[in-house]
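Everything below concerns the one structure shown next.
The values are calculated or read from the model by the stated rules, or taken from the named source; none is laboratory data. The structure displayed is predicted, hence computed values, not measured ones. Every residue, glycine among them, receives a Cβ derived from its backbone with ideal geometry; neighbour counts consider all protein chains shown.
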Amino acid sequence: MTNSRRTPAGEALTGLILELFRLNGRLLAAGDRLVAPLGMTSARWQVLGAAALAAAPETVARLARAMGLNRQGVQRIVNELEAEGFVELRPNPHHARAKLVGLTARGRATFAAADRLQAPWVNALAQGRGAAALSAAAALLRDLRERLERQPERARR
């Protein structure tokens with residue numbers, strides 16, 4: 001039988017998780033405002049960024065996995081981005097039905113413009129926080145994500 005009470009570390013992590021939920025909502029709203037002039041939303045920017053930062057064109061499933069999102073949601077956004085000329089779907093030599101997502105010239109230009117908008121915003125948000133502290137926070141979050149990814153599938157449901 002497992003103990004149903006949280007340890008002090010479990011209690012602290014619960015507090016962190018709740019703050020992450022709140023932060024995520026604020027980040028999405030801020031991102032929407034930031035990239036609205038480019039015809040983007042935070043969700044579209046995130047998918048465009050995943051495609052832009054991939055070493056080579058990737059399938060929707062691989063992009064979704066890299067972002068920790070479900071394939072269906074990413075597919076919907078990729079379809080929107082394709083219809084508006086930000087990405088193109090290319091043949092996949094390894095799988096006839098799973099096309100590869102690549103940026104168009106418009107997609108590359110839009111991602112670069114979003115990056116230019118993001119730089120002063122993120123610099124202002126980081127002001128007064130040391131790079132070492134922010135890197136340590138990122139390392140902690142990465143460790144927690146990797147722990148979740150290593151859990152058996154039944155524990156993640």
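The table that follows gives values for the structure above.
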{"item": "Pair list, Cβ < 8 Å and 6+ apart or interchain, from the range 42-66 residues that are over 21 Å from residue 96 (Cα atoms) and touching a residue at least 24 places away in the same chain (Cβ under 8 Å) to residues that are surrounded by fewer than 18 Cβ atoms within 10 Å (Cβ to Cβ) and of a type in the set (Lys, Arg)", "result": "52/108"}
{"item": "Number of the exception - residue 79 against (1) at negative phi; (2) surrounded by fewer than 16 Cβ atoms within 10 Å (Cβ to Cβ); (3) touching a Lys or Arg at 6+ places or on another chain (Cβ under 9 Å)", "result": "(3)"}
{"item": "Condition met for residue 145 (surrounded by 10 or more Cβ atoms within 10 Å (Cβ to Cβ), of a type outside the set (Gly, Ala, Ser) and part of a helix (DSSP H, G or I))", "result": "yes"}
{"item": "Those helices (runs of 4 or more DSSP H) lying entirely in the range 1-74 with at least 3 residues in contact with a Phe, Trp or Tyr (Cβ under 9 Å, 6 or more places away or on another chain)", "result": "8-35, 42-53"}
{"item": "Neighbours by Cβ (under 7 Å, 6+ apart or cross-chain): first from the range 86-109, in a helix (DSSP H, G or I); second surrounded by fewer than 13 Cβ atoms within 10 Å (Cβ to Cβ)", "result": "106/85"}
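Quick grid of which residues meet (1) over 19 Å from residue 53 (Cβ atoms); (2) over 20 Å from the mean Cα position of the chain (by Cα); (3) modelled with pLDDT of 95 or more:
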{"site": "72", "(1), (2), (3)": "yes, no, yes"}
{"site": "79", "(1), (2), (3)": "yes, no, yes"}
{"site": "83", "(1), (2), (3)": "yes, yes, yes"}
{"site": "97", "(1), (2), (3)": "yes, yes, no"}
{"site": "109", "(1), (2), (3)": "no, no, yes"}
{"site": "116", "(1), (2), (3)": "no, no, yes"}
{"site": "129", "(1), (2), (3)": "yes, yes, yes"}
{"site": "150", "(1), (2), (3)": "yes, no, no"}
